[in-house]
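Have a look at the structure below before the remarks.
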Amino acid sequence: QVQLVESGGGLVQPGGSLRLSCAASGSIFSINAMGWYRQAPGKQRELVATTTSASSTNYADSVKGRFTISRDNAKNTVYLQMNSLKPEDTAVYYCNADIKARASYNIYRYWGQGTQVTVSS
């Protein structure tokens, strides 16, 4: 069984910073792309940032220059450093990872449970 566990959300003032972490655990053979999405109340889930196994990255225009995605392959963990946070960044943040489990021939996309980020004064 594979699972993703997120941590690091919370309440922060505008202009502040937070760092989210997402650790994959279980019977993992390999991990390809990892990423972060977010969903604000009343809105669809949207991509925030992704990173490949070779650590190339992609960002939504709304977070470029403020957020940084990184990963530690030895720890099966992906991070999202969020700086200069704005009220419009308020959302539930979800991580995902494309994982091949040891007992599987296929790669599946797994999701974390979500962590709340609230930016407010």
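What follows is calculated from the coordinates using simple rules that are stated; it is not laboratory data. All values reported here derive from a predicted model rather than from experimental measurement. Ideal geometry is used to build each Cβ from the backbone, glycine not excepted, and the neighbour counts take in all protein chains shown.
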Any idea which of Leu18, Ala54, Gly35 is furthest toward the positive side of the dipole for the chain, if Lys and Arg beta-carbons carry +1 and Asp and Glu beta-carbons -1? Ala54
FRET efficiency for Ser120 and Arg19, Cβ-Cβ distance as r, R0 = 22 Å, nearest 0.05? 0.75
Could you give the radius of gyration (one decimal) and Dmax (whole number) of the Cα atoms in the chain, in Å? 14.2, 49
Can you pull the one-decimal nm distance between simple spin-label points at Ala74 and Asp61, each 7 Å off the Cα toward Cβ? 3.9 nm
Straight distance only, please: which lysines reach the Cα of Lys43 with their own Cα at less than 29 Å, same-chain residues fewer than 8 apart left out? Lys64, Lys86
Zone of Val5's modelled label, taken as backbone nitrogen in the stretch 83-121 under 14 Å from a point 7 Å along Cα→Cβ: 112-114
For the chain, set up a Gaussian network in which alpha carbons nearer than 10 Å are linked by springs, and say which option among Ala74, Ala24, Ala97 fluctuates the most. Ala74
Listed residues Gly16, Gly42, Gly26; largest mean-square fluctuation, Gaussian network over the chain with Cα springs below 10 Å, found at Gly42
Need the list of lysines near Lys100 for cross-linking: C-alpha distance under 29 angstrom, and skip anything on the same chain fewer than eight residues off. Lys75
Using only the Cα atoms of the stretch 41-102, construct the convex hull and provide its projected area averaged over every direction, in square nanometres to one decimal. 5.3 nm²
Radius 12 Å from Cβ of Ala49, net charge of other residues (Lys, Arg +1; Asp, Glu -1): +2
Please compute the net charge surrounding Met82, taking Lys and Arg as +1 and Asp and Glu as -1 over other residues with Cβ under 11 Å from its Cβ. +3
